[in-house]
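Asker: Just passing along the structure, written as structure tokens.
Each reported figure results from applying straightforward, stated rules to the coordinates on display, with no laboratory input. Nothing here was measured: the structure is a model prediction, and the numbers come from that model. For neighbour counting, all protein chains shown are included, and Cβ atoms are generated from backbone atoms with ideal geometry for every residue, glycine included.
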Amino acid sequence: MARFTGKAVLVTGAGSGIGRASALLFARQGAAVALVDRDPGSVEESAALIAAEGGRALALAADAGREADVAGFLASAEQEFGRLDAIHANAGIGGGTVPFTEQSVELWEEVLRVNLIGAFLAIKHGGPLLLRHGGGAIVCTASVAGLRANAAGAAYSASKAGVISLVQTAADAFAGSGLRINAVCPGLIETGMTAGLFAAARAKGKADRIGQLNPLRRAGLPEEVAAAALFLASDEAAYVNGQALAVDGGLSST
Ligand code: NAD
């Protein structure tokens, strides 16, 4: 039996990569899915993929790092489906690789706004909404970069370490309420965000090397991260709270 039959789920960053895979997986598990992305064309495309499989999808173009947008898309999802049971706060940006001393405050502000404040807003506004419908789960996409820092991507690493801290503090803030809050920490996954990296490696005939850093010796798939997010959002993870689950082929443990 599908694990999300009769439930409604909202996924941000659902126009591409991990978010699209997550939205599709939740839909295949029976959920009605609200898909949010700042790129209207790509989020419509993701919603159409779900509709083509007979699922129920609502595409919403919005910025997951802006408070008014977050309140707005959560209200739209609640109105459309009459409930909301889980949120996958997944939208994120990379910020590029810039030598540490050349990184601007503007770069830091934008990366923290989308990656960290976006996750905070999903919990701040989504938590009370889920509780109005009997409780539920929020899963934030952090990163292995939040566990193992990378100087050239310092803002990104700091933002994702912040997300890991956020799910711990938020789990405590909502203690006893019926809300669980966790994070997934993907390793290197081929998506829109990492397409340039993979293309450059392939052009040099070194595509194989990308996955060599982790014990599984391969890059991960968006669907493999989505499966972990779905587990954390499901009742099977009923006693998992405030955790950061690495989905990285073992990279963070080496
Ligand atoms: P992606 O670029 O393929 O997808 C990200 C999506 O988020 C895009 O559709 C983009 O338009 C959307 N988005 C960006 N900023 C937004 C905003 N402010 N509001 C709404 N939507 C916004 O990348 P991905 O790899 O699927 O990334 C998904 C998440 O996974 C991100 O949080 C990323 O940091 C994280 N992550 C990715 C990897 C990886 O190797 N790909 C590794 C670790 C963590």
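Asker: Based on the mean of other Cβ atoms within 10 Å per residue, sort peptides 244-250, 174-180 so the most packed one is first.
Answerer: 244-250, 174-180
Asker: Something else about it: Mean separation of Cα pairs under 8 Å and 6+ residues apart, divided by the residue count of region 1-102: what relative contact order is that in percent?
Answerer: Over region 1-102, the number comes to 31 percent.
Asker: If you don't mind, there's one more thing I want to ask. Relative contact order, percent, of the chain when contacts are C-alpha pairs under 8 Å separated by at least 6 residues?
Answerer: Answer for the chain is 19 percent.
Asker: Normalised by the residues of region 192-249, what does the relative contact order come to in percent, with Cα pairs under 8 Å and at least six apart?
Answerer: 31
Asker: In terms of the ratio Rg/(2.2 N^0.38 Å) built on C-alpha atoms, what value belongs to region 114-194?
Answerer: Normalised by 2.2 N^0.38 Å, the Cα Rg of region 114-194 equals 1.16.
Asker: Can I ask one more? Subtracting the Cα-Cα distance from 0.36 nm times the residue separation, let me have the gained length for residue 150 to residue 76 in nm, one decimal.
Answerer: Extending this stretch completely gives an extra 22.9 nm.
Asker: What's the tally of Lys pairs in the chain whose alpha-carbon atoms lie under 29 angstrom apart, where the two lysines are 8 or more places apart or on different chains?
Answerer: Taking the Cα cut-off of 29 Å, the pair count is 4.
Asker: Which values of log₁₀ I(q)/I(0), to two decimal places, follow from the Debye formula for the chain at q = 0.12 Å⁻¹ with a uniform point scatterer at every Cα?
Answerer: -0.64
Asker: Something else about it: So how far apart, in nm, are the two label points at residue 132 and residue 52 if each is 7 Å from Cα heading toward Cβ?
Answerer: In this crude label model, residue 132 to residue 52 measures out at 3.5 nm.
Asker: Taking one equal scatterer on every alpha-carbon of region 196-246, how large is log10 of I(q)/I(0) by Debye at q = 0.18, 0.19, 0.22, 0.28 1/Å?
Answerer: These q points yield log10 I(q)/I(0) values of -0.70, -0.74, -0.84, -1.04.
Asker: If you count, for each residue, the other Cβ atoms within 10 Å and average over each peptide, how do 156-165, 143-152 line up from highest to lowest?
Answerer: 156-165, 143-152
Asker: Give the residues of region 224-254 whose amide nitrogen is closer than 20 Å to a point set 7 Å from the Cα of residue 173 in the direction of its Cβ.
Answerer: 233, 240-245
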